[in-house]
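Participant: Submitted below is the structure of interest, expressed as structure tokens.
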Amino acid sequence: MFGYIGKILRVNLTTGEIKTEELKEEDAKNFIGGRGLATKILLEEIDPKIDPFSPENKLIFATGPLTGTTAPTGGRYMVVTKSPLTGFIASSNSGGFFGPELKAAGYDFLIIEGKADHPVYISIKDDDVEIKDASHLWGKRVSETTDKLLEEFGDKKARVACIGPAGEKLVRFASIMNDKHRAAGRSGVGAVMGSKNLKAVVVRGTKKVEVADKEKFMSVVKEKIKKIKENPITGGGLPNYGTAVLVNIINENGLYPTNNFQTGVFPYAYEQSGEALAAKYLVRNQACFACPIGCGRVTYHPAVGVTEGPEYESIWAFGADCGINDLASIVIANHLCDELGLDTISTGTTIAAAMELYEKGIIKQEELGDAPPLRFGNTETLHYYIEKIAKREGFGDKLAEGSYRLAESYGHPEYSMSVKKQELPAYDPRGAEGHGINYATSNRGGCHVRGYMISPEILGVPVKLDPHDVSEEKAKWVKIFQDLTAVIDSAGLCLFTSFALGAEDYADLLNAATGFDFTADEWLKAGERVWNIERIFNLKAGLIPEKDDTLPKRFLEEPMPEGPNKGHVVRLHELLPKYYKARGWDEKGYPTEEKLKELGLDKYY
Amino acid sequence: MVKVKVFATLRNIVGKNELEVQADTVGELLEKLYSEYPEMKKELEKGAVILVNGKNIEHLEKLDTKLKDGDVVSIFPPVGGG
Ligand code: SF4
């Protein structure tokens, strides 16, 4: 096989058994790799109804056929498992250098099973794989863990993916951090790792990924890099300002969620914009493996030293969503989350929900005791509770359950801005209907990177769609975006390439690497297959479309109070049936037999 | 007068964040800006997002979108992220 190594590494932490298996070419052709193939494996190997924290759950580190190649942004990998936050499929994407290193060690996938009886880490040096004691690392933060492991491992070129204290404490939105600052952030994949007593995976590899046609591949790569460099977003906006370049445009469009999504306009947005970050704290930009874009931010603040980020989502979560305008506090909050191993979106949004509950008198100061009041705009509060969440101390223990379980425990789930119990990111759907449908139907719950409709609806790329339109055409676009994203995630590339590249470009890269002969449509079809197998996993886990494919009541009933979207609610009931139809599902949201047969998935459901 | 807000690279070209311009349509406004800041035209050649009071002109009357006193026009070079 080309592009793929053709090998899966399986480590059972209960029995200590370590073995390798062949990756089947047929599976690769059907599910590509990464997100898609890992979901297929998970669906076949676990009962989707199990408790995500039970030893029966599996944690899969999955690369794609382009991971570790010179394809632009070919450095991504996914972590796939059953999520303790949503109870559905989790698949978290990360960049940096860990994924390519795993592949260089000779494995497309690492499947972790069972549960160790004491803290351990997995050490991989090419064929030499060991489970080692990690008792001395338990409780340690991410950078200290990483540094210690690199020292122990004795090779500074090794790469580390680990959890922080939050993962150990089973915070439902704990992340897995690799290369210190890159996060497989969402859906609590770090908590699953913690539940297995697995602190880290350290890997070093010396093998090369072979592609089908070297010369062809090189010329295709060159051509795509040129496209990326010439594109004003991937060649200009992103390297110059990072993802935070979005702050102003989203705010000016009136969908920058403020104070737990109570409004979509934040008067101080400029102070936390990419422009402000570049002027105040930026040291330089930074790229993941094989990335010609380099959207990463290396920043410096005296309180934390040299750090990375914050990204747009994190700026918003700790900024406008918590009513905070001070960029320095946001930089610190982001750094804390990286160190503690917390997902920034869910952390910020959960604190924001608590702030609204507090200001509405539902959470009372008596319950918080001496801890700072949960008021919007209070930066001390922010840093205090981030630490408490990671350690599950005091009120942090309740926050560690995520905004939905928190709000529900007070009888007010409507104040949790989440879908399928996962916190929503930085776009108010009252200003972008297609993005709203994407939120409502995303297989991993509240998420923007499962079909980034902000691109056509707000940024005008690759087409300009009216954000308030709810036509069948809009529904079709959502499906295309979701399917294309599924291919990109499964291939091992970064989603940001899609500002410059289209389905044809991805097909060129994948074909040249794997030697497969897929048309752009066939690759998209593979993306559709990935989307549907995730849906099947969720249905088997207990998803009820009528109840779960929806949005917080706020978006459906409370008109946006001000700004360009004033008066708008999300017309979900109009667009959702059109979306189901575009997917070839029945009107209730279940994949039809016909559709599953067409995708070759009928045996799963 | 119309209030014009510029962002990202446009700020370096214009040298400030905001300016006031007299114009009756978006097209006329851009002509005026381009003649004063020729580099801006180059920067926006590959695409731009232009909002009038937060609404994208693509979904209004495009360059013919009418402007009146006190309107706010926001101009962005192509941006993306996530
Ligand atoms: S675009 Fe940014 S996130 Fe994506 S691979 Fe490049 S540096 Fe990493």
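Participant: Out of A:466, A:483, which single residue is within 14 Å of chain B (Cβ to nearest Cβ) and either assigned to a helix (DSSP H, G or I) or open to solvent by 30 Å² or more (accessible area, probe 1.4 Å) (or both)?
Facilitator: A:466
Participant: Among A:290, A:328, A:352, A:320, which is the only one that is more than 16 Å from the chain's Cα centre (by Cα), in contact (Cβ under 8 Å) with a residue 24 or more places away in the chain and farther than 30 Å from residue A:232 by Cα?
Facilitator: A:352
Participant: Only one of (1) more than 16 Å from the ligand (Cβ to nearest atom); (2) in contact with a helix residue (DSSP H, G or I) (Cβ under 6 Å, 6 or more places away or on another chain) fails for residue A:82. Which number is that?
Facilitator: (2)
Participant: When you look at residue A:101, is it charged (D, E, K, R) and over 20 Å from residue A:176 (Cα atoms), yes or no?
Facilitator: For residue A:101, the condition - charged (D, E, K, R) and over 20 Å from residue A:176 (Cα atoms) - is not met.
Participant: Of all residues in the stretch B:55-81, how many are at the interface with another protein chain (Cβ under 7 Å from one of its Cβ atoms) and open to solvent by less than 10 Å² (accessible area, probe 1.4 Å)?
Facilitator: Adding up the residues that qualify gives 6.
Participant: Also, quick follow-up: From the residues in the stretch A:550-587 that are of a type outside the set (A, V, I, L, M, F, W, C) and in contact with a Gly (Cβ under 6 Å, 6 or more places away or on another chain), which one is farthest from residue A:249 (Cα to Cα)?
Facilitator: Ranking the candidates gives A:580 first.
Participant: Among A:87, A:75, A:68, A:106, which is the only one that is more than 16 Å from residue A:191 (Cβ to Cβ) and more than 16 Å from the ligand (Cβ to nearest atom)?
Facilitator: That would be A:106, the only listed residue that is more than 16 Å from residue A:191 (Cβ to Cβ) and more than 16 Å from the ligand (Cβ to nearest atom).
Participant: Test of understanding: among A:21, A:56, which residue is over 22 Å from residue A:531 (Cβ atoms) and part of a strand (DSSP E or B)?
Facilitator: Matching residue, one of A:21, A:56: A:21.
Participant: Please verify whether the stretch A:570-580 includes one or more residues that are in contact (Cβ under 8 Å) with a residue 12 or more places away in the chain, out of contact with any strand residue (DSSP E or B) (no Cβ under 9 Å at 6 or more places or on another chain) and farther than 18 Å from residue A:440 by Cβ.
Facilitator: Checked the stretch A:570-580: no residue is in contact (Cβ under 8 Å) with a residue 12 or more places away in the chain, out of contact with any strand residue (DSSP E or B) (no Cβ under 9 Å at 6 or more places or on another chain) and farther than 18 Å from residue A:440 by Cβ.
Participant: Sticking with this one: Looking at the stretch B:2-17, can you tell me whether even one residue there is charged (D, E, K, R), more than 10 Å from the chain's Cα centre (by Cα), more than 10 Å from chain A (Cβ to nearest Cβ) and over 19 Å from residue A:252 (Cα atoms)?
Facilitator: Within the stretch B:2-17 (the criterion being charged (D, E, K, R), more than 10 Å from the chain's Cα centre (by Cα), more than 10 Å from chain A (Cβ to nearest Cβ) and over 19 Å from residue A:252 (Cα atoms)), the answer is no, since none of the residues qualifies.
Participant: Condition first: closer than 13 Å to residue A:320 by Cβ, away from chain B (no Cβ under 14 Å), away from the ligand (no atom under 16 Å from the Cβ) and open to solvent by 20 Å² or more (accessible area, probe 1.4 Å). Can you find one or more residues in the stretch A:242-261 that meet it?
Facilitator: yes
Participant: Mind listing whichever residues of the stretch B:61-76 are closer than 12 Å to residue B:27 by Cβ and of a type in the set (A, V, I, L, M)?
Facilitator: B:63, B:67, B:73
Participant: Test residue B:47 against the stated conditions and say whether it is at positive phi and either open to solvent by less than 70 Å² (accessible area, probe 1.4 Å) or at the interface with chain A (Cβ under 9 Å from one of its Cβ atoms) (or both).
Facilitator: yes
Participant: For the stretch B:18-30, which positions are more than 14 Å from every other protein chain (Cβ to nearest Cβ) and more than 10 Å from the chain's Cα centre (by Cα)?
Facilitator: Correct list: B:19, B:20, B:21, B:22, B:23, B:24, B:25, B:28.
Participant: Just to check your reading of the model, which residue among A:293, A:233 is within 16 Å of the ligand (Cβ to nearest atom) and assigned to a helix (DSSP H, G or I)?
Facilitator: Checking each option against the conditions leaves just A:233.
Participant: Right, here's the next one. Consider residue A:434 against the criteria (1) closer than 21 Å to residue A:574 by Cβ; (2) of a type outside the set (Asp, Glu); (3) open to solvent by less than 10 Å² (accessible area, probe 1.4 Å); (4) assigned to a loop (DSSP other than H, G, I, E, B): it satisfies all of them except one. Which criterion is unmet?
Facilitator: The single condition residue A:434 does not satisfy is (4).
Participant: For residue A:341, state whether it is within 16 Å of the ligand (Cβ to nearest atom), in contact with a Cys (Cβ under 8 Å, 6 or more places away or on another chain), of a type outside the set (Val, Ile, Thr) and open to solvent by less than 20 Å² (accessible area, probe 1.4 Å).
Facilitator: For residue A:341, the condition - within 16 Å of the ligand (Cβ to nearest atom), in contact with a Cys (Cβ under 8 Å, 6 or more places away or on another chain), of a type outside the set (Val, Ile, Thr) and open to solvent by less than 20 Å² (accessible area, probe 1.4 Å) - is not met.
Participant: Next question, about the same structure. Among the residues of the stretch A:299-327, write down those that are within 16 Å of the ligand (Cβ to nearest atom), open to solvent by 10 Å² or more (accessible area, probe 1.4 Å) and more than 14 Å from chain B (Cβ to nearest Cβ).
Facilitator: A:308
Participant: While we're looking at this one, here's another question. Does residue A:416 satisfy being within 16 Å of residue B:82 (Cβ to Cβ) and among the polar types (S, T, N, Q)?
Facilitator: Criteria not met by residue A:416.
Participant: Name the residue that is nearest to the other protein chains (Cβ to nearest Cβ), counting only residues in the stretch A:214-236 that are over 19 Å from residue A:64 (Cβ atoms) and open to solvent by less than 10 Å² (accessible area, probe 1.4 Å).
Facilitator: A:233
Participant: Give A:211, A:265 a once-over and let me know the one that is buried (at least 22 other Cβ atoms within 10 Å of the Cβ), under 30 Å from residue A:510 (Cβ atoms) and more than 16 Å from the ligand (Cβ to nearest atom).
Facilitator: Unique residue meeting the criteria: A:211.
Participant: Something else about it: Restricting attention to the stretch A:524-542, does a residue exist that is more than 14 Å from every other protein chain (Cβ to nearest Cβ) and without any contact (Cβ under 8 Å) to a residue 12 or more places away in the chain?
Facilitator: Within the stretch A:524-542 (the criterion being more than 14 Å from every other protein chain (Cβ to nearest Cβ) and without any contact (Cβ under 8 Å) to a residue 12 or more places away in the chain), the answer is no, since none of the residues qualifies.
Participant: Kindly check whether there is at least one residue in the stretch A:25-35 that is within 16 Å of the ligand (Cβ to nearest atom) and either within 14 Å of chain B (Cβ to nearest Cβ) or touching a strand residue (DSSP E or B) at 6+ places or on another chain (Cβ under 9 Å) (or both).
Facilitator: yes
Residues checked against (1) within 16 Å of the ligand (Cβ to nearest atom); (2) more than 14 Å from chain B (Cβ to nearest Cβ); (3) within 27 Å of residue A:222 (Cα to Cα):
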residue	(1), (2), (3)
A:416	no, yes, no
A:441	no, yes, no
A:499	yes, no, yes
A:522	no, yes, yes
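Participant: Could you pull out the residue among A:575, A:556, A:495 that is in contact with a Leu (Cβ under 7 Å, 6 or more places away or on another chain) and surrounded by 15 or more Cβ atoms within 10 Å (Cβ to Cβ)?
Facilitator: Exactly one residue qualifies, and that residue is A:556.
Participant: A further question on this structure: Read through the list (1) surrounded by fewer than 24 Cβ atoms within 10 Å (Cβ to Cβ); (2) in a loop (DSSP other than H, G, I, E, B); (3) within 22 Å of the chain's Cα centre (by Cα), then give the number of the only condition that residue A:376 fails.
Facilitator: That leaves (3) as the condition not met.
Participant: Here's a follow-up. When you check residue A:525 against the structure, is it in a helix (DSSP H, G or I) and open to solvent by 30 Å² or more (accessible area, probe 1.4 Å), yes or no?
Facilitator: Yes; evaluated as a whole, the condition is true for this residue.
The values are calculated or read from the model by the stated rules, or taken from the named source; none is laboratory data. Note that the structure is a prediction, hence the values are computed from the model and not measured. Using ideal geometry, Cβ is built from the backbone for each residue, glycine included, and neighbour counts are taken over all protein chains shown. All accessible areas refer to the heavy atoms of the entire protein, side chains included, with ligands and DNA or RNA removed. Shrake-Rupley method; radii C 1.70, N 1.55, O 1.52, S 1.80 Å.
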